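Below you'll find the structure, written out as structure tokens, and then a few comments.
The values are calculated or read from the model by the stated rules, or taken from the named source; none is laboratory data. Computed from a predicted model, the values in this text were never measured in an experiment. Virtual Cβ from ideal backbone geometry, glycine too; neighbours counted across all protein chains shown. For accessibility, only protein heavy atoms count, side chains too; no ligands or nucleic acids. Shrake-Rupley method; radii C 1.70, N 1.55, O 1.52, S 1.80 Å.
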Amino acid sequence: MDKTYNHKEVEEKIYQQWEERGTFKPEINPDGKPFTIILPPPNANGDLHFGHAMFVVEDILVRYHRMLGDSTLWLPGTDHAGTETQFVFEKKLQEQGKSRFDFSREELYEKVKEYVDKNRGGIQNQLRKLGFSLDWSREKYTLDADIVKIVIETFRRMYDDGLIYRDYRLVNYCTRDGTSFSDLETISQEKEGNLYYIKYPVKEGGFITVATTRPETLYGDVAVMVHPKDVRYKHLIGKTVLLPLTQREIPIIADESVEKDFGTGAVKVTPSHDFTDFEVGRKHNLSFPPIIGWNGKFEKTGIVDGLYAKQAREKTVELLKEKGLLEKEEIHKMVIKVCYKCKTILEPLPLEQWYVRVQSLKEKAIEVVKNGEIKITPNSFVKPYIDWLEGLRDWNISRQNVWGIRIPVWYELEHETDFAVSFLDQKGNYHQGLLNELLGQGFSFDEIALGLQRVIARIEAKVVLEEEKDPKKKYLPETDTFDTWFSSGQWPFAVLMANSDCKNADGFFEKFYPTSVMETAYDILRAWVSRMVMLGIYRTGKIPFRQVLFHGLVNDPYGKKMSKSKGNVVNPLELIEQYGADAVRFALVYGNATGADQSLSYTKLEAARKFTNKLWNMARFIEMKRLELKITFFTDHSVGNLKKVNTNEFDQKWIKKVEDLTIEISKYIDSYQFNLASEKLYDFVWHEFADKYIEETKTNPDGLIVLESLFVIILKLLHPFMPFVTEEIYQKIPGHDGMLITAIWPDFRE
RNA sequence: GGAUUUGUAGCUCAGCUGGUUAGAGCGUUCGAUUCACAUUCGAAAGGUCAGAGGUUCGAAUCCUCUCAAGUCCACCA
């Protein structure tokens, strides 16, 4: 053996051996009870980061259960990550001076696909570098045909069950990315703005002053609203107001949603561009005149058309000042919602979108956690899970991206006035407008369909599913795609179902579903975990996993979140190169409580690297003694053999210590306390086994015989944490066949 | 505004289903060795466990409050 452990020579060789001999497949233990983990699918064209490195927790569990003899499946996959990927791609387009508006739907999809396909595969090799024992033969991708088929089937069933509906309501719309977002995909930012006090003339005489942060939307006002019990305004309820700048007549109405103490206690109602006002509008049967287009520009105001919100505000305020209708403005702290990707201020816009009725789904998802069918570790995440689900409103699953799974519906062309479309003509010029107008301008239906970018069908349009299409009729496709989480929320059952369709896979799904553990970062508790529970129960009637296990985030050495913009991102691959995969793995679990955030620690990495070297040299010492003393060591390192042979008191003492250690480590892994397991192993191996036991055998060479066998047991206990170095050492010790990865976990009850 | 997490040696963090002198890594000091160890071994210094109160025979560990830092959530225009 070399004097020091050289991870660079070992890791690739060992990984290849494992993979070639099929040790990552559950079939290696065909008769064991099932143990399943589905890897949270990384972005297909992403790179390895510490979020992925933390999946080491899963590898520890998987290797442990494999050694326990379980039929262990750890199934990898990647995610197309709709919005994320399209965002990255559009940035590239921008660099080339282009935008998504230069391409038809099909063209854009093909371009993104090309880009993703070129970059795919990177992450898989990086996960290999970490030593992850994933069953690569069963890998899936969210856009694989069989997965898409399953996702669409789920949609179809939900549609038939009345859980899917279309509605015209306000959405969080990013005018830059050109798509709506669910509440989860928005970021609230505190901002200092102005609160404007605007005098609205009352037709019957006098004024009523309203306070607003968005004076520019007054062109869309349909009412002024006060609290019904507000004595200041009671006499005005039912009277008429002349909208400033336009003289349009709107009523003064009463609603309890008004806070009497805010501003003047009187509010302008703009149903098309404010979430509260939208509700009020529906309740009071008001009209919904939209005055902001999808591009963020104002329209149909007659005064600020073509301007963006900020410019429209400036101009409106100026005009109000001129007319003496601006009473005052004051500084006001407010919270605005911005796009989680590009940080553009989101515009509430009224749009036809697809929704999932969540009531029945969320009730079951809450129940299975409350009754303990699904356990969540650490426990402190149970409350946020339940709280969020209880407050959950219907889920907007429409995204105006092309990169994703198209919502599988078609609109029957009964009334051409029902459709607003945008498309590229055959020369590549962009057009948008109502379908009947465009047809009137001489464009053919086929030309529009061919260059189609987007269809917005009115809520009255007739919807059909693929199989309901009548060949004699004309249809326009829905151009929206699913929210990425709608498909990844089906991931656990979808990947297992898809793998069941292969030959010789009878009973595969039934065997491995529900899965054992879902291990992921806690920051996607809401977006992903809760959706998996809801959709999993809906589609299969069973929970998707029995245990949710969260790991924390890895921050930079100063405790700051790693981000590209801050430039403090550390690439795990470089650390693997420098310290070895085992050391990186060990450093990530050592001294870090389950689920807690941690800061990257170079001293910890260095300590872990020294530990791998220590282990190596312990093995080296034992080997040298074996050769030097020419005494017969055991050829059977099993616990059973140790118990059969006559050993003296000294040996007995150390057998007992290792037995206690084994019990303790098993207990820690079973309870997901990987930090305690690794700390205990580190301490025992170094300061007991090496410092005391090995030292004592220097004056008592007979003790070496049992020591070697106990060392093998310790390699087994360490293997889930440091798979490479332990495997390499194990194979150098004579007296056993096979590989450590498939060795049997020590059991002193034998 | 709500919820939640954290506050333990110089630094980074474990421990917290209450129980003998509170632990690790790194750093610091002293000594040994280069005999398996791009080193290692032995020893030492260093903590009112954020603060205050409470429960208890006994609390870093449970409860309440205060202070500080962080995270998440939130339709007062």
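Within the shell defined by Cβ-Cβ distances under 10 Å, the residues around residue A:37 carry a net charge of -3, with Lys and Arg each +1 and Asp and Glu each -1. Over chain A, accessible surface divided per residue gives 43 Å², non-protein components excluded, 1.4 Å probe. Note on the stretch A:390-538: along the principal axes its Cα atoms extend 60, 40, 30 Å, ordered by decreasing extent.
A full extension of the chain between residue A:167 and residue A:246 corresponds to an added length of 25.4 nm, given 0.36 nm per residue minus the alpha carbon distance.
Applying Stokes-Einstein at 20 °C and 1.002 mPa s to the Kirkwood radius of the stretch A:157-240, computed over alpha-carbon pairs, gives a translational diffusion coefficient of 124 µm² s⁻¹. Normalising the average separation of contacting C-alpha pairs (under 8 angstrom, six or more residues apart) by the number of residues puts the relative contact order of the stretch A:390-471 at 37 percent. Helix A:531-540 and the long axis of chain A differ in direction by around 80°, with both axes built from C-alpha atoms. Translational diffusion coefficient of the stretch A:628-702 (Stokes-Einstein, Kirkwood radius from Cα pairs, 25 °C, 0.890 mPa s): 175 µm²/s.
The simple Förster model, with R0 at 30 Å and r as the Cβ-Cβ distance, assigns residue A:329 and residue A:260 a FRET efficiency of 0.90.
Out of every Cα pair in the stretch A:649-745, what percent are spaced more than 18 Å from each other? So the pairs more than 18 Å apart make up 47 percent of the total in the stretch A:649-745. Hey, any idea what % of the stretch A:149-229's accessible area is carbon plus sulfur with a 1.4 Å probe? Heavy-atom surface of the stretch A:149-229 belonging to carbon and sulfur, 1.4 Å probe: 44 percent.
Dipole size of chain A about its Cα centre, with +1 on Lys/Arg Cβ and -1 on Asp/Glu Cβ: approximately 1060 debye, rounded to the nearest 20. Binning all Cα-Cα separations of the stretch A:482-531 at 10 Å, short to long from zero, yields these whole-percent fractions: 23, 45, 26, 6. Share of pairwise Cα-Cα distances greater than 21 Å in the stretch A:402-466 is 22 percent (whole percent).
Extension gain for the segment residue A:463 to residue A:436, taken as residue separation times 0.36 nm less the Cα-Cα distance, is 7.9 nm to one decimal. Across the stretch A:55-200, the relative contact order, built from alpha-carbon pairs under 8 Å that are at least six residues apart, equals 27 percent. At 7 Å along the Cα-to-beta-carbon direction for both residue A:2 and residue A:187, put a label point, then send me their distance in nm to one decimal. According to this spin-label approximation, the distance is 4.4 nm. Using the Cβ of residue A:297 as centre and a radius below 12 Å, the other residues enclosed give a net charge of -2, where K and R count +1 and D and E count -1. Summarising the amide proton neighbourhood of residue A:43: residues at separation of 5 or more, or on other chains, whose placed amide H is nearer than 5 Å comprise A:79. For the stretch A:199-267, the share of alpha carbon pairs falling in successive 10 Å distance bins from zero is 22, 59, 19 percent.
In chain A, the calculated helix contribution to ellipticity at 222 nm averages -11000 deg cm²/dmol per residue, counting -39,500 (n - 2.57) for every DSSP H run with n ≥ 4. More than 29 angstrom separation, counting every C-alpha pair in the stretch A:203-357; what % is that? Roughly 17 percent, once rounded to a whole number. Across the stretch A:238-283, the convex hull enclosing all Cα atoms gives 98 Å³ per residue. Taking Cα atoms only, the orientation of helix A:145-160 departs from the longest principal axis of chain A by about 50 degrees. Of the trypsin sites (Lys or Arg not before Pro) found in the stretch A:588-675, the ones in coil according to DSSP and having at most 10 other Cβ atoms within 10 Å of their Cβ are A:630.
Against the empirical curve 2.2 N^0.38 Å, the C-alpha radius of gyration of the stretch A:73-137 lands at a ratio of 1.41. Size descriptors for the stretch A:104-203: radius of gyration and Dmax over Cα atoms are 22.8, 77 Å. One decimal place: the segment residue A:311-residue A:737 gains 145.7 nm when fully extended, by the rule 0.36 nm per residue minus the C-alpha distance. The fraction of Cα-Cα pairs per 5 angstrom bin, counted from 0 for the stretch A:576-721, comes to 2, 9, 19, 20, 19, 13, 10, 6, 2, 1, 0 percent, rounded to whole percents.
Global dimensions of chain A from alpha-carbon coordinates: Rg and Dmax equal 32.3, 113 Å. Farthest towards the positive end of the charge dipole of chain A, among the residues A:419, A:262, A:134, is the Cα of A:262, using unit charges on the Cβ of Lys, Arg, Asp and Glu.
Remark: spin-label model distance residue A:234-residue A:565 equals 5.1 nm, labels positioned 7 Å along the Cα→Cβ axis. Remark: relative contact order (chain A) = 16 percent; criterion is Cα-Cα distance under 8 angstrom and separation of 6 or more residues.
Under 17 Å from a label point set 7 Å out along the Cα-to-Cβ vector of residue A:12, the amide N atoms of the stretch A:86-125 belong to A:122-125.
Could you give the nm distance between label points at residue A:641 and residue A:380, where each point is 7 Å from its Cα heading toward the beta carbon? Between residue A:641 and residue A:380, the simple spin-label model gives 4.7 nm.
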